[in-house]
Number of protein chains: 2
Amino acid sequence: MVKVRRNKVEQPPEVCPLGECMSLISGAWSPHVIWYLRDGPRRFSELRGDIKGVSAKVLTARLRQLERDGVLIRREVDSSPPTVEYSLSELGAELRPAIAAIVDVGHRLKQRR
Amino acid sequence: MVKVRRNKVEQPPEVCPLGECMSLISGAWSPHVIWYLRDGPRRFSELRGDIKGVSAKVLTARLRQLERDGVLIRREVDSSPPTVEYSLSELGAELRPAIAAIVDVGHRLKQRR
DNA sequence: TATTCGGGTTACCTGCAGGTAACCGCATGC
DNA sequence: GCATGCGGTTACCTGCAGGTAACCCGAATA
């Protein structure tokens, strides 16, 4: 009994711009991180304070992922106690208008109710 | 041994505009639905064709959720065979600029690589 | 000496979004 | 008489994001 070789017909990858961008900013916390970094670098504990309700674990996970994705840059500052500074990369900066548009709509949604 | 009653201190709800808006457009498929409805009503099978890779089940689920959230309007058209037409509500229309901004960034992300 | 702060890590658990596959009723067309 | 298109529904399974709680080290501070 020979197994059928199911030649998965490879769709041309054809990356969707919407999906591409959403994969960077989706999730409950990523947009918040980008938003609070919009005006310059912030430290871990500052972000924890900025973003109401996020836990250290989840914030760490999001920061690591955004770093892997090239959205932000992590820099250890040699102070005492040593601190860590996060800032948007060039790519991250490109995401700002999208987040800003979402925040903008969010404000208008609050207005209308 | 009396159990401590831990009065969960109720934070003032203080809805975050970013979270508010993200809850409407998050998920892998919701933004696509809104995007393809941007220029007017579409039928179920049209949306299935527009949005590459979505299954009937998931598309139904997203459409139902977006309807519950007041983002779009479902209208059964009395034709033969009967068809169903989805269109953006007023609230849904407010989301367009946000999605447009995301798509726009997505395009620029493709450019830069 | 003990505590705090900064920036995490680890273990464990939950829920929900999404994926596949099969099936549905109805009306029309071949 | 049978298949096709339309707009779904149902069952079952998977993976990942997120939540809680406890714990970590080293330096500075009370």
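The values are calculated or read from the model by the stated rules, or taken from the named source; none is laboratory data. Here the structure is a predicted model, which means the values were calculated and not measured. Here Cβ is always computed from backbone atoms with ideal geometry, including for glycine, and neighbour counts include all displayed protein chains. When the accessible area is computed, the model is the full protein with side chains, heavy atoms only, and any ligands, DNA or RNA have been set aside. Shrake-Rupley method; radii C 1.70, N 1.55, O 1.52, S 1.80 Å.
For the chain pair B and A, the buried solvent-accessible surface (1.4 Å probe, both sides summed) amounts to about 2900 Å². In the assembled protein chains, A:ARG112 presents an accessible area of approximately 110 Å² (probe radius 1.4 Å). Separation of segment A:82-113 and segment B:48-101, taken as the distance between their Cα centroids, equals 26 angstrom. Bridging of B:LYS57 to aspartates and glutamates at a Cα separation below 18 Å is possible for B:GLU46, B:GLU67, B:GLU85, once same-chain residues fewer than 8 apart are set aside. Comparing mean-square fluctuations of A:SER79, A:SER45, A:SER55 from a GNM of chain A with C-alpha springs under 10 Å, the top value falls on A:SER79.
Can you figure out the FRET efficiency of A:ASP39 with B:VAL77, using R₀ = 35 Å and their beta-carbon distance, to the nearest 0.05? Taking R0 as 35 Å, the efficiency between A:ASP39 and B:VAL77 is 0.10.
Averaged across the residues of B:90-100, what count of C-beta atoms belonging to other chains lies within 10 Å of each residue's C-beta?
Values: counts 1, 5, 0, 0, 6, 5, 2, 5, 9, 6, 3.
Shielding by partners across B:90-100 averages 4.
Estimated from helices alone, the mean residue ellipticity of the protein assembly as shown at 222 nm is -16000 deg cm²/dmol (sum of -39500 (n - 2.57) over DSSP H runs with n ≥ 4, per residue).
If you fit an axis through the alpha-carbon atoms of helix B:90-111 and take the longest principal axis of the Cα set of chain B, what angle between them do you get, 0 to 90°, nearest 10? Between the helix axis and the principal axis of chain B, the angle is about 80 degrees.
The rotation axis bringing chain B onto chain A passes closest to the chain B residue reported with its distance as B:ALA101, 2, by C-beta distance in whole Å. Taking the label point 7 Å along Cα→Cβ, A:SER45 and its counterparts in the other copies are spaced 6.2 nm apart, in ascending order. Could you tell me what percent of the accessible area of chain B is made up of carbon and sulfur, with a 1.4 Å probe and every protein chain present? About 51 percent, which is the carbon plus sulfur part of the accessible surface. Site pair A:ARG112 and A:ALA56 shows an inter-label distance of 4.2 nm when each label is modelled 7 Å from Cα along Cα→Cβ.
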